Amino acid sequence: MSNDLSAPLRAAAAALTDASDVTLLAHVNPDADALGSALALGLALHRRGKAVRVSFGAPDSVPETLRDLDAAGLLVPAAEVPAEPEVLVALDTGSVARLGPLGDRVGRAGTVVVLDHHVSNPGYGTVNVVDATAEATALVVLRLLDELGVELDEPVARCLYAGLVTDTRSFRHAGPETHRVAARLLATGVDAEAVARPLMDSHPFGYLGMLSKVLARAVLDRSAAGGLGFVHAVVTLADSEGLRPEEVESVVDLVRTTSEAEVAAVLKELRPSYWSVSLRAVSRVDVGEVAQRLGGGGHRLAAGFTATGEASSVLADLRTALESVATN
Ligand code: 5GP
Ligand code: MN
């Protein structure tokens, strides 16, 4: 690990040890790394007798594929998050804005602990444990659990494994040390296939119909991104009707397989003319920078932003930002 996090790790452990009440928050539209990280730490603190709740700003319901991770029933709706939390822990959340409607709690909490792996994280907490070299926030949480002297068991390890397997794309973006961590998690009895399959490999039959419509309209623009190629697809509200967010989120994993394109984008319509955009790059374009220029953020090869208006104008702005980053 290149940066020395021992001081913030010690400070985070001290803040949590002293706390009697801890609120853990994931980013809006939480994924397995955000919610798994929050639930792993939450479970460990709950067992130490602390009052613990885990939540996120939006949407109102917990993604179906992540519900099983909540072994102790720690998840509460955003409306039940205290106005002035004693200790607030923000996980996998690169900026206050990514907490959505719960962002106001940052200014009102007694102590704010930030656990994250986004390079763009400004360090908005009282204590900031941000490791941009970590492939997942789950790895940062594991280091904190070790600092706290928590003994890993299957329910905690399963939450961390869920974050790790998704953020590393099934360990393809994982170095030797991260594979050793995975081995340590599996040694507690985690069933890798049982965790990974619902998260990445299982969809209702209606998914196939949605894909056939969405992928048929996908566009390959070979000259975009400085000639490296750009492929994009749009999932409208009509396309995703009756399906879970999980189905919509996974479309980008197919679109980005296009070999003629360095960059892939999927526009996901969350509300009429309100889009969440997923960006992916193979290796050469920093889509985190592209997303930041458009008001979002993320990592070098996986990033996103939100936008309003016609899909065509969102795409036009995206192409422009992509061009200037790719040719920089
Ligand atoms: P996804 O495409 O899977 O939703 O997101 C990929 C990555 O991009 C996430 O891990 C997150 O870091 C970032 N990201 C996605 N959407 C947004 C957004 O609206 N704002 C910011 N700041 N980051 C985002
Ligand atoms: Mn993450």
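The values are calculated or read from the model by the stated rules, or taken from the named source; none is laboratory data. Worth saying up front: this structure is predicted, and the values here are computed from it rather than measured. Methodologically, a virtual Cβ is constructed for each residue, glycine included, from the backbone with ideal geometry; neighbour enumeration extends over all protein chains shown. Ligands, DNA and RNA are excluded from the accessible area calculation, which covers all protein heavy atoms including side chains. Shrake-Rupley method; radii C 1.70, N 1.55, O 1.52, S 1.80 Å.
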Fill in: Scan of segment 296-315 for residues that are within 6 Å of ligand 1 (Cβ to nearest atom), farther than 13 Å from ARG280 by Cα and either assigned to a loop (DSSP other than H, G, I, E, B) or aromatic (Phe, Trp, Tyr) (or both), ordered by number
GLY296
Worksheet item: Does at least one position in segment 160-167 carry a residue that is within 16 Å of ligand 1 (Cβ to nearest atom) and open to solvent by 20 Å² or more (accessible area, probe 1.4 Å)?
Response: yes
Discussion item. All but one of (1) outside the structural domain of GLY298 (by TED's automatic domain parsing); (2) open to solvent by 30 Å² or more (accessible area, probe 1.4 Å) hold for ALA218; state the number of the condition that does not hold.
Written reply: (1)
Fill in: Condition check for ALA183: small (Gly, Ala, Ser) and surrounded by 20 or more Cβ atoms within 10 Å (Cβ to Cβ)
no
Item to complete: Consider only pairs whose beta carbons are under 9 Å apart and that are at least six residues apart or on different chains; among these, list those whose first residue lies in segment 11-33 and is at pLDDT 95 or above and in a helix (DSSP H, G or I) and whose second residue is near ligand 1 (Cβ under 10 Å from one of its atoms) and open to solvent by 20 Å² or more (accessible area, probe 1.4 Å).
Response: ALA32/THR166; ALA32/ASP167; ASP33/THR166; ASP33/ASP167
Discussion item. Go through segment 115-172 and report how many residues are within 15 Å of ligand 2 (Cβ to nearest atom), in contact with a Ser or Thr (Cβ under 7 Å, 6 or more places away or on another chain) and among the charged types (D, E, K, R).
Written reply: 2
Worksheet item: Would a scan of segment 307-326 turn up a residue that is within 16 Å of ligand 2 (Cβ to nearest atom) and within 21 Å of THR236 (Cα to Cα)?
Response: no
Worksheet entry | Enumerated helices (runs of 4 or more DSSP H) restricted to segment 187-287, each holding at least 3 residues that are free of Cβ contacts under 8 Å to residues at least 40 places away in the same chain and within 20 Å of the chain's Cα centre (by Cα) | 192-200
Discussion item. Contact list please: Cβ distance under 9 Å, first residue in segment 157-171 and outside the structural domain of VAL141 (by TED's automatic domain parsing) and polar (S, T, N, Q), second residue within 14 Å of ligand 1 (Cβ to nearest atom) and open to solvent by 40 Å² or more (accessible area, probe 1.4 Å), pairs at least six apart or on different chains.
Written reply: none
Worksheet item: Does segment 98-114 hold any residues that are within 16 Å of ligand 2 (Cβ to nearest atom), closer than 21 Å to ASP60 by Cα and among the aliphatic types (A, V, I, L, M), and which are they?
Response: LEU99
Fill in: Test: residue in segment 260-271 that is farther than 24 Å from THR93 by Cα, at pLDDT 95 or above and crowded, with 17+ Cβ neighbours inside 10 Å
yes
Fill in: Pair list, Cβ under 6 Å, 6 or more apart: segment 93-121 residue under 18 Å from LEU301 (Cβ atoms), other residue assigned to a strand (DSSP E or B) and of a type in the set (Gly, Ala, Ser)
GLY94/GLY297; SER120/GLY297
Worksheet item: What residue, among those in segment 88-104 that are surrounded by 23 or more Cβ atoms within 10 Å (Cβ to Cβ) and more than 16 Å from ligand 1 (Cβ to nearest atom), is farthest from the chain's Cα centre (by Cα)?
Response: LEU88
Discussion item. Against the definition (open to solvent by 40 Å² or more (accessible area, probe 1.4 Å) and away from ligand 1 (no atom under 16 Å from the Cβ)), how does PRO245 come out, yes or no?
Written reply: no
